[in-house]
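A.B. asks: First the structure, which I've put down as structure tokens, then a few questions once you've had a look.
The values are calculated or read from the model by the stated rules, or taken from the named source; none is laboratory data. Just so you know, these numbers come straight off a predicted model, no measurement behind them. Neighbour counts run over all protein chains shown; Cβ positions are idealised from the backbone, glycine included. The accessibility values were calculated without ligands, DNA or RNA, using every heavy atom of the protein model including side chains. Shrake-Rupley method; radii C 1.70, N 1.55, O 1.52, S 1.80 Å.
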Amino acid sequence: MLNKVRPALGRVLNPVGRSVARTGVSPNAITVVGTAGVLAGALVLFPRGEYFWGVMVITAFVLFDMLDGAVARVTGKISKWGAFLDSTMDRVADAAIFSGLMIGLYRDGQESLAWVALYCLVSGVVVSYAKARAEGLGYTCDVGIAERSERLTVALVAVL
């Protein structure tokens, strides 16, 4: 669904990516910093029950993480390693979000919702694995009702 807005998003991100590229920051550094910010927001704020601020911090760093691809494109530093790092860090970030949420909800006495967060954690990993495994076997696996960005958007809006 968000694939339909990618061209418009690219028109916004590419100029920002060019500006960031002039600073000399590598796309991989942006990926790591974005993931670290998501980890901090999810694993520090959510367990404390600070859901609003957790979502704000996570959203800021997820948007920041979107720059890695734009910087890679404008600098010509697109690589298999960068793609691998980005997708791996996305899984780490997703796991942190749902783990932090699960801890916070459990501490707040919301055990049923903590189980929902655990389900989201596990199903997100399975979806990612299934796609990677299918593509590793030579199949095209571009089906489903929601990509990572949509799933994350729905989850973070629900947290708010």
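A.B. asks: Among the numbered conditions (1) without any contact (Cβ under 8 Å) to a residue 60 or more places away in the chain; (2) over 21 Å from L43 (Cβ atoms), tell me where V57 comes up short.
C.D. replies: Failing condition for V57: (2).
A.B. asks: For the stretch 57-69, give me each residue that is surrounded by fewer than 18 Cβ atoms within 10 Å (Cβ to Cβ) and either out of contact with any helix residue (DSSP H, G or I) (no Cβ under 8 Å at 6 or more places or on another chain) or aromatic (F, W, Y) (or both).
C.D. replies: Listed by number, the residues that qualify are L63, F64.
A.B. asks: Quick one: which residue in V127, V159 is surrounded by 16 or more Cβ atoms within 10 Å (Cβ to Cβ), under 15 Å from the mean Cα position of the chain (by Cα) and of a type in the set (V, I, T)?
C.D. replies: Numbers: V159 fails: under 15 Å from the mean Cα position of the chain (by Cα).
Answer to the check: V127.
A.B. asks: If you don't mind, there's one more thing I want to ask. So, in the stretch 108-124, how many residues would count as being open to solvent by 70 Å² or more (accessible area, probe 1.4 Å) and either in contact with a His (Cβ under 7 Å, 6 or more places away or on another chain) or under 13 Å from R148 (Cβ atoms) (or both)?
C.D. replies: Filtering the stretch 108-124 down to residues open to solvent by 70 Å² or more (accessible area, probe 1.4 Å) leaves 108, 110-113, 115-116, 119, 122.
If we keep only those that are either in contact with a His (Cβ under 7 Å, 6 or more places away or on another chain) or under 13 Å from R148 (Cβ atoms) (or both) as well, we get none.
Summing the residues that are open to solvent by 70 Å² or more (accessible area, probe 1.4 Å) and either in contact with a His (Cβ under 7 Å, 6 or more places away or on another chain) or under 13 Å from R148 (Cβ atoms) (or both) in the stretch 108-124 gives 0.
A.B. asks: Give all pairs with beta carbons closer than 9 Å in which a residue from the stretch 16-41 that is among the small types (G, A, S) meets a residue that is part of a loop (DSSP other than H, G, I, E, B); count only pairs at least 6 apart in sequence or on separate chains.
C.D. replies: Correct list of pairs: A21/K77; S26/K77; G34/M66.
A.B. asks: Return yes when G76 is within 24 Å of V32 (Cβ to Cβ) and in contact with an Asp or Glu (Cβ under 9 Å, 6 or more places away or on another chain) and no when it is not. Give the derivation first.
C.D. replies: Details: within 24 Å of V32 (Cβ to Cβ): yes; in contact with an Asp or Glu (Cβ under 9 Å, 6 or more places away or on another chain): no.
Criteria not met by G76.
A.B. asks: So A134 ticks every box in (1) surrounded by fewer than 16 Cβ atoms within 10 Å (Cβ to Cβ); (2) assigned to a helix (DSSP H, G or I); (3) modelled with pLDDT under 90; (4) small (G, A, S) but one. Which box is left unticked?
C.D. replies: Here A134 clears every test but (3).
A.B. asks: S87 - would you say it is of a type in the set (S, T, N, Q) and either in contact with a Phe, Trp or Tyr (Cβ under 8 Å, 6 or more places away or on another chain) or modelled with pLDDT under 95 (or both)? Break it down stepwise before answering.
C.D. replies: Working: of a type in the set (S, T, N, Q): yes; either in contact with a Phe, Trp or Tyr (Cβ under 8 Å, 6 or more places away or on another chain) or modelled with pLDDT under 95 (or both): yes.
Taking the combined requirement at face value, the residue satisfies it.
A.B. asks: Select the helices (runs of 4 or more DSSP H) contained entirely in the stretch 1-90, then report the ones holding at least 2 residues which are under 17 Å from E150 (Cα atoms) and of a type outside the set (G, A, S).
C.D. replies: Details: elements: 6-21, 27-40, 51-65, 67-75.
It comes to 6-21, 51-65.
A.B. asks: Going residue by residue through the stretch 105-116, is there one that turns out to be within 17 Å of the chain's Cα centre (by Cα) and free of Cβ contacts under 8 Å to residues at least 60 places away in the same chain?
C.D. replies: From the stretch 105-116, those within 17 Å of the chain's Cα centre (by Cα) are none; that's our starting set.
No - not one qualifying residue is present in the stretch 105-116.
A.B. asks: Checking G144 against (1) within 30 Å of V20 (Cβ to Cβ); (2) part of a loop (DSSP other than H, G, I, E, B); (3) of a type outside the set (V, I, T); (4) touching a residue at least 12 places away in the same chain (Cβ under 8 Å), only one condition comes out false. Which one?
C.D. replies: In the conditions (1) within 30 Å of V20 (Cβ to Cβ); (2) part of a loop (DSSP other than H, G, I, E, B); (3) of a type outside the set (V, I, T); (4) touching a residue at least 12 places away in the same chain (Cβ under 8 Å), G144 misses (1) alone.
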